[in-house]
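Shown next, in structure tokens, is the structure this report addresses.
The values are calculated or read from the model by the stated rules, or taken from the named source; none is laboratory data. Nothing here was measured: the structure is a model prediction, and the numbers come from that model. Glycine also receives a Cβ, built like all others from the backbone with ideal geometry; neighbour counts cover every protein chain displayed.
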There are 2 protein chains.
Amino acid sequence: MSNNIRVAILGATGAVGTEIINLLIERDFPLSQLKLLASSRSAGKTIPFKNQSLTIEEVTENSFDDVDIVLASAGGSTSKKWAKTIIEAGAVMIDNSSAFRMDENVPLVVPEINPQDAQKHQGIIANPNCTTILMGVAIYPLHLIKPIKRIIVSTYQSASGAGARAMEEVKVQAQGILNGETPQPEILPYPLAFNLFPHNSPILDNHYCEEEMKMVNETRKIFGDDGIRISATCVRVPVLRAHSEAINLEFDQPFEVNEAKEAISQAEGVTVVDDWANNYFPMPIDATGKDDVLVGRIRQDISSDNNLEVWLCGDQIRKGAALNAVQIAELLVEKNWLK
Amino acid sequence: MSNNIRVAILGATGAVGTEIINLLIERDFPLSQLKLLASSRSAGKTIPFKNQSLTIEEVTENSFDDVDIVLASAGGSTSKKWAKTIIEAGAVMIDNSSAFRMDENVPLVVPEINPQDAQKHQGIIANPNCTTILMGVAIYPLHLIKPIKRIIVSTYQSASGAGARAMEEVKVQAQGILNGETPQPEILPYPLAFNLFPHNSPILDNHYCEEEMKMVNETRKIFGDDGIRISATCVRVPVLRAHSEAINLEFDQPFEVNEAKEAISQAEGVTVVDDWANNYFPMPIDATGKDDVLVGRIRQDISSDNNLEVWLCGDQIRKGAALNAVQIAELLVEKNWLK
């Protein structure tokens, strides 16, 4: 890789932005310049980076003039607001929000699945939703062998998906309940400590919430297969930063379990944790801070010859968001696909 | 109802035993005598009951001589140990353990579903597993209209299913984590506070755990339909005492959502909480302490014309265990099925 990439992080103070900074250091990203951008509220704060201290700048019309890659994680409205400016400045935006994911001119990329799509970008590459990324890396190796026809998935989503303040809220709520109080939720719509609730994103006309339809539509786009039928039930659980998913996969013929396990274990971005003897399978505490998605309980569905079931946990902030975005940036640099 | 039923609670100090005592008072069960039985460890302790104070007795060979109904919730080995003694004493054991559930001579009863089976008892009636009861009352009304062909269910099971000490452990763990410690689990196999894990019951040869196969086998027995194909993924979550379940139901033809909702709403033991406008659905905190199973998110599965999806929460200790057992006792008294 060349060592002269100028990167800006838009939304540098959030849970994902913070993790992106960590990952750029950890993965020794070939930076020549790192610019931390945020709203005026955060401007002027400093953030340690290697041996330096970087000052957060307020994003303006000229922020992107000397930038190659913008890693955006400040929400959909911010991404929409600055997209044109970023593209006109000649930079590429890797966008964590859902704003452009289903835009047919915007590639939606998981590097382990469809890296080739990144090449087609016109200035924006979208980072998929966390639940979609985690499921995708786990099951795509199977789809390559025998096409998946239908997916029924139930999620167990951590507080981090609702942001750093939601994570803090769960801890404060838990302490309050342990003290015998009845804490009132502020960030999340309902109490989450010692509780759970169906995902609170807006409900669409088909009675699936937006989060659930992201899993449906984004998976189809990333896999390049509009024929996969998918039903998702998304649930928020009192876990801090790793999501879990129970996935039922239908093929049009039986898929031998050992072959499936072998395929998943050889795939990039996945670690198989499938210890039947000790009843030890992926757990959020084991997935937290890990790059790989942990996949286990790979088994024959006893209710249907053509179905398999898998269970996974993955760090929502890392592979579910920040890591996938940084991997896309690395891909653009390696392949020389920035322009 | 007559007012002369002599009841013994075997395992009176556990989470379920305690709730049975509360329910006998609340529901004004026609008691002429209540005997609280437990191991020698608890014998001599007193428990308040109405205006009295009842002393816990150690269970012995003669404990059941003057008893009509034994409500047993002290675990499978205790139930097995005393079953013959109870039957020979002329009492009926309503057993919360899994010891006799699949015995063909033992009815497995959910009063809202198969009350008639209770009449066939030969001294033992089994109370189903919590997850089975909660799912059963929610979906049986649909099965009566169009037979259910296949069920795919993912559970979100509270700590209470592992007993009162597991509930306490989750709270202690949560406090430890909030204090920055790394608490070691004692009752549960893995940390549960701010974590979750696939159910830790023994794994069977088919790679389903015992808890999952209870949902499969018990549902078939209660519904009286061995043809229903069922796959369950059971997961323990850091919630105290209400279970949740995401259920996908396959019929052999489409089932109109409004008809399904109407059928469930008219069923006994169920309250529909299906507020799409406000994104308000069943949550453990709302189900806790309630007799009814809360059912919502009743919707067409977008991945299959012949499938519906439902979401439920139910109090694991009440309808999932103690209440169902007390309802069976009430049924025996009302119908005069004690002998």
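Here are a few things to note about the model shown:
- Test for A:D274: is it within 19 Å of the chain's Cα centre (by Cα) and either more than 9 Å from chain B (Cβ to nearest Cβ) or polar (S, T, N, Q) (or both): no
- When B:N195 is tested against the conditions (1) outside any helix (DSSP H, G or I); (2) in contact with a Pro (Cβ under 9 Å, 6 or more places away or on another chain); (3) more than 9 Å from chain A (Cβ to nearest Cβ), the lone failure is (3).
- Among the residues listed as B:A83, B:A8, B:A72, the single one being of a type in the set (A, V, I, L, M, F, W, C) and in contact with a Lys or Arg (Cβ under 9 Å, 6 or more places away or on another chain): B:A8
- In the range B:233-265, residue surrounded by the most Cβ atoms within 10 Å (Cβ to Cβ) [restricted to those that are among the hydroxyl-bearing types (S, T, Y) and at the interface with chain A (Cβ under 9 Å from one of its Cβ atoms)]: B:S244
- Scanning the range A:221-268 for residues that are assigned to a loop (DSSP other than H, G, I, E, B) and touching a residue at least 60 places away in the same chain (Cβ under 8 Å) yields a total of 16.
- All conditions in (1) out of contact with any Ser or Thr (no Cβ under 9 Å at 6 or more places or on another chain); (2) more than 12 Å from chain B (Cβ to nearest Cβ); (3) of a type outside the set (S, T, Y) hold for A:I222, with the sole exception of (1).
- Residue that is farthest from B:S154 (Cα to Cα) [pool: residues in the range B:198-219 that are part of a loop (DSSP other than H, G, I, E, B) and at the interface with chain A (Cβ under 7 Å from one of its Cβ atoms)]: B:N206
- Residues located in the range B:151-205, provided they are out of contact with any strand residue (DSSP E or B) (no Cβ under 7 Å at 6 or more places or on another chain) and among the β-branched types (V, I, T): B:V170, B:V172, B:I177, B:T182, B:I187
- The numbered conditions (1) assigned to a loop (DSSP other than H, G, I, E, B); (2) touching a Gly at 6+ places or on another chain (Cβ under 7 Å); (3) within 18 Å of A:A232 (Cα to Cα) are all true for A:I133 except (1).
- Verdict on A:I148 being more than 23 Å from B:S244 (Cα to Cα), crowded, with 19+ Cβ neighbours inside 10 Å and in contact with a strand residue (DSSP E or B) (Cβ under 9 Å, 6 or more places away or on another chain): yes
- Applying the condition of being surrounded by 11 or more Cβ atoms within 10 Å (Cβ to Cβ) and away from every other protein chain (no Cβ under 12 Å) to the range B:180-191 and asking which residue is nearest to the chain's Cα centre (by Cα) yields B:I187.
- Residue list for the range A:277-295, filter: of a type in the set (G, A, S), within 12 Å of chain B (Cβ to nearest Cβ) and part of a loop (DSSP other than H, G, I, E, B): A:A277
- Within the range B:146-201, being among the hydroxyl-bearing types (S, T, Y) and within 24 Å of B:S73 (Cα to Cα) holds for B:T155, B:Y156, B:S158, B:S160, B:S201.
- Among the residues of the range B:158-179, those identified as more than 11 Å from every other protein chain (Cβ to nearest Cβ) and either closer than 18 Å to B:A232 by Cβ or assigned to a loop (DSSP other than H, G, I, E, B) (or both) are B:G161, B:A162, B:G163.
- Options A:N306, A:N336, A:N279; residue that is free of Cβ contacts under 8 Å to residues at least 24 places away in the same chain, surrounded by fewer than 24 Cβ atoms within 10 Å (Cβ to Cβ) and touching a strand residue (DSSP E or B) at 6+ places or on another chain (Cβ under 8 Å): A:N279
- Here the strands (runs of 3 or more DSSP E) wholly within the range A:3-76 that include at least 3 residues being crowded, with 19+ Cβ neighbours inside 10 Å and of a type in the set (A, V, I, L, M, F, W, C) are A:5-10, A:31-38, A:69-72.
- A single member of A:I9, A:I47 is assigned by TED's automatic domain parsing to the domain that holds A:E330, of a type in the set (A, V, I, L, M) and within 21 Å of the chain's Cα centre (by Cα), and it is A:I9.
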